[in-house]
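Note sheet for the following structure.
Readers should treat all values here as calculations from the given coordinates under stated rules, not as data from a laboratory. Every value quoted in this text rests on a predicted model; they were computed, and no experiment measured them. Note that each Cβ is placed from the backbone with ideal geometry, even for glycine, and that neighbours are counted across all protein chains shown.
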4 protein chains.
Amino acid sequence: MHVRNGPERLLRWERRMELPLFVGSAVFLGCYAVLVLAPHTSQGWRDLALAGVLLTWVVFLVDYLVRLALSGLGRHFPRKHWLDTVVLALPLLRPLRIVNAYSAVRRRHHGPRLSLYGRVMAYAGLSAVLLGFATALAVYQQERGAPGATIRTFGDSVWWAASAITTVGYGDVTPVTPWGRVFAVVLMACGVALLGAVTGSFSSWLIQLFGREDGAVEPGGPIDRDGRRPPGG
Amino acid sequence: MHVRNGPERLLRWERRMELPLFVGSAVFLGCYAVLVLAPHTSQGWRDLALAGVLLTWVVFLVDYLVRLALSGLGRHFPRKHWLDTVVLALPLLRPLRIVNAYSAVRRRHHGPRLSLYGRVMAYAGLSAVLLGFATALAVYQQERGAPGATIRTFGDSVWWAASAITTVGYGDVTPVTPWGRVFAVVLMACGVALLGAVTGSFSSWLIQLFGREDGAVEPGGPIDRDGRRPPGG
Amino acid sequence: MHVRNGPERLLRWERRMELPLFVGSAVFLGCYAVLVLAPHTSQGWRDLALAGVLLTWVVFLVDYLVRLALSGLGRHFPRKHWLDTVVLALPLLRPLRIVNAYSAVRRRHHGPRLSLYGRVMAYAGLSAVLLGFATALAVYQQERGAPGATIRTFGDSVWWAASAITTVGYGDVTPVTPWGRVFAVVLMACGVALLGAVTGSFSSWLIQLFGREDGAVEPGGPIDRDGRRPPGG
Amino acid sequence: MHVRNGPERLLRWERRMELPLFVGSAVFLGCYAVLVLAPHTSQGWRDLALAGVLLTWVVFLVDYLVRLALSGLGRHFPRKHWLDTVVLALPLLRPLRIVNAYSAVRRRHHGPRLSLYGRVMAYAGLSAVLLGFATALAVYQQERGAPGATIRTFGDSVWWAASAITTVGYGDVTPVTPWGRVFAVVLMACGVALLGAVTGSFSSWLIQLFGREDGAVEPGGPIDRDGRRPPGG
């Protein structure tokens, strides 16, 4: 009984938590940026930022535990909802939740929607940008005091993150500390996959666009690869 | 009434503006190249080039405003036609319009057309080359006077742009100024997507080519992935 | 008669050898790591590790020869089963067998299975990680004594392998010895293909996920690209 | 009359020239390697190698002109057969013909054929290797005498070519001469496309392989993405 009721109550919970998690992700990113980038602000602001980081951690933990209980999946939950589990353990990946929650909010309000490939590009691209920003913060925190570091300003760190996430990798500035390199490996692994999704979707979208243009000129009819027939097809 | 008539008048306007925009993009790229690469020419030539840059800006702005008015989309126009909006704000991306207008002209004249993948490759490849050239100009302008710069000649800048757009990224020459790096990030983001479209189409085209070759030898019939049946299939 | 019976006996043999080969791959990687990373351990441990490496070589050779005999393919066997042939010749690629055997064991036990794209991502990603680890060991062994080497610790080697396999390639640490570079080329060639499979599958999976979400909202029905109809479609 | 007969005579000519062009490509690559790598051999050998290079140029030119005449395409021929035109102008790309001719010979002899994706991978991979080797030769020839060059041995040049063609791009050794960089840009552009074809095909092949494995276990039937139904499907 409890288990059968679970999915419905779970859905209600997830819908109710969308906004808090969205705000939580944004607050976490903001507070973390304050902690890293403004080390000489008054102690009060720093304490506030630290409290914000801890608070968002609690919010995510509570949400995770409630959903674990409501889902009735028990020990299968962590693997089934692996993204939530990973985000709980690695708060740096939390910005991925911003995109998630934002798209959920947009969907409910029936706003103008992008095409299939457009949404994949927007989701993966925005995730890549937020992930790159969070990693730039974390790497800068590790590197700024290290001897022999080439990443000396936050600008260097952002420049490094941009070259890492696009797999260009100039190597003019690179992390030298062990933890900086661990964050870098996480960024490279996630970034490569996200960017692959962006380029793959862009490529498919372009092929679809040019194929559609064919359809307007020739009697063969348009190719529609996103599962919807165009009105005039 | 005015709105319903809009689409037709909009199409007429777009068709009439194809050539001016094509010329405008080419003039912009040429004048910008003169401004950057020939700093010691007589003042008259420099003024002419500057006038050319400003003139093309006006042409693009007028075209944008007229289409905004004719489309009847109002405040939805900037998002619906995001490429035009971006091109207006970032003139460095304007060369992307050259390709666009050129392909429109070709289409009208019923010239021999490439296959679907061929056109995607041609469009994305040409866009990448023009974008790389424009960014090489902009980065060179920022870097040439900077202390500690590794990009010292325009040749260095082109070499850097080629290694950035193919995501190879040697790092022997890299921008060091903040604006140079901002341009570089734009190039890397756009370049990765355009190059992904080139390689994705090349890959699909090669698979199609080899699949067709199968069809000529085996009784299974050719695979045709661009929506047209080959004559003898 | 012998040949017709072959396939069945071959299948039995392959099933019986799954666990030994899985253990063999793991033992090889462990013993090789001991040989490389603990050069100052007592001679007894080193001899044990060396014996482990040689033993696994014998196990793989015996398995290869038995399957060659049972298959009845004769001289066509090496090309038909090229991965086994390559793994026999290049023991560094042996970790690829761990993934293979592990997935075979999982399949037999009817454990919860991932989706099609999920399995491709898991297989290619895990292969890339194991291959990167094995190559990091091999390159470190070549480089640590070399004059002018930039890879001086095993951490450097892992960092280099991570940047090589994601094609980022910073170049802050790179192999300088001929054999180190040969291993690096093998890693780059295999890594690029494996990572391409990960990003390609991730991209397809994301497009499928977003397409399914469409299906739940619109009456068009979900797009299912992995060959299974969803229950409610 | 002459034009209608053209295609048949053209096909006969192309079939007759397959072996000479294959040999010509191999001879060109060999002679060029002798000229670059053995600068201190006796003058006689150098003259022989130079004669070989010139001879293959003549062979390719004659083949091109005969096909131009037989095709009856006139001035459309260069664009229709763009690969041949490019190969004529840029002899460094000539190794691409080796693969072409070799696969044609194989096809005629009804040897065991690879699957569709296998052939694309083999073609693109082999082309990438030969192109990388030819470019390594050309870049080494430009760089070895240059002041401040980092490519000092042919080994350096091969290492550089491998890191360029996989888009890793370490930057520890890079061309510094203008012509060396021009060759590098050609290699990067072609290499990225060829490697994209390899990884794309590998990815598709892996997805197909795992999809087929599904079909053997579940009643849904295998996914076959290369246009052929498997025998037991």
Notebook entry, point to check: Can you sort D:LEU92, C:LEU11 by how many other beta carbons sit within 10 Å, fewest first?
Noted result: C:LEU11, D:LEU92
Note to self: I'd like the mean, over residues of C:189-195, of how many other protein chain beta carbons sit within 10 Å of each residue's own Cβ.
What the structure shows: 6
Note to self: Tell me the net charge near A:ARG181. Cut-off is 13 Å between Cβ atoms, A:ARG181 excluded, with +1 for each Lys or Arg and -1 for each Asp or Glu.
What the structure shows: -3
Notebook entry, point to check: Which ³J(HN,Hα) values, rounded to whole Hz and listed in residue order, are derived for the range B:68-82 from phi using the Karplus coefficients 6.51, -1.76 and 1.60 in 6.51 cos²θ - 1.76 cosθ + 1.60 with θ = phi - 60°, glycine and proline given as x?
Noted result: 4, 5, 5, 5, x, 7, x, 6, 7, 4, x, 7, 4, 10, 5
Item checked: R0 of 51 Å, Cβ-Cβ distance D:VAL23-A:LEU11: FRET efficiency to nearest 0.05 -> 0.15
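Which FRET efficiency value, to the nearest 0.05, do you get for B:VAL66 and B:ALA38 by plugging their Cβ-Cβ distance into 1/(1 + (r/R0)^6) with R0 = 25 Å? Present the calculation step by step, with values, prior to reporting the outcome.
Details: r = 34 Å, r/R0 = 1.36.
FRET efficiency, B:VAL66 to B:ALA38: 0.15.
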Next item on the list: Rounded to the nearest Å, what's the spacing between the alpha carbon centres of the range C:119-139 and the range A:4-63? Just the number, please.
Entry: 35 Å
Check: Taking the axis about which chain A rotates onto chain B, which residue of A lies nearest it as judged by Cβ position, and how many whole Å separate them?
Finding: A:GLY171, 3
